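See below for the structure under consideration.
Every read-out reported here was derived from the displayed coordinates using simple, explicitly stated rules and does not represent laboratory data. What you see is a predicted model, and the numbers here were worked out from it, not measured in a lab. Cβ sites come from the backbone with ideal geometry, for glycine too, and all protein chains shown count toward neighbours.
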Amino acid sequence: MTVGRTRSAAAVVLCLAVTTSSCSPSGPRPYEPGEISSIELESWTSAEILIDGDTFSDAEMSCIDRVGAGLDPDVLRSGLASSFADSPPEVQRFMTSYFDGCLTDEHMQRWFYTDMVKQRDLGLSEGEAACLSSSVVDLVREHGFAAVFVDRSDSIAADLTARRRACGIGPAKVHLGSDAFHDSGGCNQASFWAVDETGTLALWLSISIGDRRDFQETIELPVPSPSLIELTRGVNLRQGLCGDAVDESYEEHSSTHPVSGTLVLHIGPTPAEGCGTSGELELRDVTFDDGTVIDDYTISTDAIGCFAG
C-alpha cells in the first residue's frame, strides 16, 4: 500500500513538472487564435462559408497564423474586402499558402461552393456547385492553388473543363469587352471583321444579304448557312481577313461559333460610284459554344461591296 501511494505521488509530481495540460482531465488546452486566424475566421463566418456553428479546427488556425506571420492585419482586412485578383500580392501569397497547407478538404470545398453560388453570372445550380467544388478540391490537392487559379496552364484548363462537363456544366463563360479588339472593318458582300492587337484573336462575320442595300434588320443567333460567324484563335490572324493571302506564319488553332445572341445590321445605300457601301454591325450578348461572350460591340465600315484584289 505504501509503495502504491508513493508511486501515485511521484507520478503527480512528474506530471506537474513536465506539463500541466497533459494532466488535465479535459486534455490539452484549446489553441488560442492569433490575429490573422481570427480575421480569417470572422471573414468566413460573415460570408456564411462556415455555418451551423462550424469553425476552423485548432490545427487549421495554428497553421493559418504560422503562414500569416509577418502579414499586416490591416492589409489582410483590406485584401479580403476585394476579389482575389484585386487583393495585394502579399495577401494572394498568404491565401495560396494556407489553401494548400492549412485547410481541410471539407472547408476548402465550402469556400469554393459558396463562391460559386454567389457568382450568379456563373449560372450554377446548388447541385452543380456542390459537384464542381468537390472536384476542384481534388484538382487543387494535385496541382496547388496557384496552378489552378493564378497561373493556369492549358492542360489544367482542359482538366477543369472536363470536370465541369462531368458535373453536367457547360464551358465557363469568358466575357470580352469592346477593348478586346484593336482593329475592325468590312469587305465583300456583307462581311465584318475585328482582330486584337497581337493578331491571336479574330472575329469574322459574313452575313448573306443578296443585293439588298439601304436597310436595317435584327438577326437572332445562330444564323443559318450560308452566313458564317466565327471567333478564331491562332497566330497572325490579321493576314486571313477578307480573303487576303496568308504566309507560313498564319495559324488557326481553334474556332468557335455563336449559339445565342443578337445582331443588329445596318447597310447603307449603294454609292454613286466605287464599291464602298457603309455598314454597321452591332453584337449584343453573343455567346459562343466555347463559353466566350461578347457583351456589346459594334463594327463600322465604309467598305461593304469591296472585294480583295
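Can you sort E40, E248 so the residue with the fewest Cβ neighbours within 10 Å comes first? Please list the in-between numbers first.
Working: E40 23, E248 6.
Exposure proxy ranking, most exposed first: E248, E40.
Between R284 and R29, take the C-beta separation as r, use R0 = 41 Å, and let me know the FRET efficiency to the nearest 0.05.
It comes to 0.10.
Can you sort R120, R93 from fewest to most other Cβ atoms within 10 Å of each residue's own Cβ?
Taking fewest neighbouring Cβ atoms as first place, the list is R120, R93.
At q = 0.10, 0.12, 0.16 Å⁻¹, what base-10 log of I(q)/I(0) does the Debye formula yield for the chain when every alpha carbon is treated as an equal point scatterer in vacuo?
Cα-only, vacuum Debye calculation for the chain: -0.76, -0.93, -1.23.
Where the centre of each part is set by its Cα atoms, how far does the stretch 250-309 sit from the stretch 119-154, in angstrom?
35 Å
At what distance in nm do the modelled label points of F307 and A47 sit from each other, each positioned 7 Å from its Cα along Cα→Cβ?
Spacing of the two 7 Å Cα→Cβ label points: 5.8 nm.
Provide, as a two-decimal number, the C-alpha radius of gyration of the stretch 201-242 over 2.2 N^0.38 Å, N being how many residues it has. Don't skip to the end; give the middle numbers.
Working: Rg = 12.8 Å, N = 42, 2.2 N^0.38 = 9.1 Å.
So the stretch 201-242 has a normalised radius of gyration of 1.40.
D296 to S57: extension gain in nm, 0.36 nm per residue of separation minus the Cα-Cα distance?
81.3 nm
Calculate, for T270 and A245, the FRET efficiency according to 1/(1 + (r/R0)^6) with r their C-beta to C-beta distance and R0 45 Å; round to the nearest 0.05. List each step's numbers first, then the result.
Working: r = 29 Å, r/R0 = 0.64.
With a Förster radius of 45 Å, E is 0.95.
Round to the nearest 10 and give me the degree value, 0 to 90, for the angle of helix 89-101's Cα axis relative to the longest principal axis of the chain.
Around 60 degrees separate the two axes.
Give the angle, between 0 and 90 degrees and rounded to the nearest 10, that separates the Cα long axis of helix 105-118 from the longest principal axis of the Cα atoms of the chain.
40 degrees
So how tilted is helix 2-18 from the main axis of the chain? Cα-based, degrees 0 to 90, rounded to 10.
40 degrees
For the chain, what does the relative contact order come out to in percent, with C-alpha contacts under 8 Å and a separation of six or more?
Worked out over the chain, it gives 12 percent.
To the nearest 0.05, how large is the calculated FRET efficiency for A69 and V150 if R₀ is 25 Å and r is the Cβ-Cβ distance? Could you put the intermediate results ahead of the total?
Working: r = 22 Å, r/R0 = 0.87.
Result of the calculation: an efficiency of 0.70.
Just from its helices, what would the mean residue ellipticity at 222 nm be for the chain, if runs of 4 or more DSSP H residues each count -39500 (n - 2.57) and the sum is divided by every residue, rounded to the nearest 500 deg cm²/dmol?
For the chain, the value works out to -11000 deg cm²/dmol.
Give me D247, D72, D296, D196 ranked fewest to most by other Cβ atoms within 10 Å of their Cβ, as a rough exposure proxy.
The most exposed by this proxy come first: D247, D296, D72, D196.
Which whole-number value in Å³ per residue fits the convex hull of the alpha carbons of the stretch 63-112? Kindly include the intermediate steps, with their values, before the conclusion.
Numbers: hull volume 3.7 nm³, N = 50.
Dividing the Cα hull volume of the stretch 63-112 by its residues yields 73 Å³.
Distance in nm between label sites at E197 and R141, each 7 Å beyond Cα in the beta-carbon direction?
Using points 7 Å along Cα→Cβ, the separation is 4.3 nm.
Hey, got the Cα dimensions of the stretch 26-170 along the principal axes, in Å, largest first?
Cα spread of the stretch 26-170 along its principal axes, largest to smallest: 47, 35, 27 Å.
Out of residues 5 or more away from I304 or on other chains, whose amide H comes under 5 Å of its own, with H placed 1.01 Å from N in the peptide plane?
Those qualifying (amide H under 5 Å, at least 5 residues apart or on another chain) are T277, G279.
Mean-square fluctuation check for the chain, GNM, Cα pairs under 10 Å: which of A129, A190, A158 is largest?
Comparing A129, A190, A158 in the GNM, the peak value goes to A158.
Using 0.36 nm per residue of separation minus the Cα-Cα distance, give me the extension gain between L122 and E217 in nm, one decimal.
31.1 nm
In Å, the Kirkwood hydrodynamic radius of the stretch 131-235 over pairs of distinct alpha carbons? It would help to have the intermediate numbers written out before the result.
Working: mean 1/r = 0.0583 Å⁻¹.
So the Kirkwood estimate lands at 17.2 Å.
Which values, in whole Å and largest first, are the semi-axes of the equivalent ellipsoid of the stretch 176-304 obtained as the square root of 5 times each eigenvalue of the Cα gyration tensor?
After scaling each eigenvalue by five and taking roots: 23, 18, 13 Å.
For the chain, set up a GNM with springs between Cα atoms under 10 Å and report which of L263, L124, L71 has the largest fluctuation.
L71
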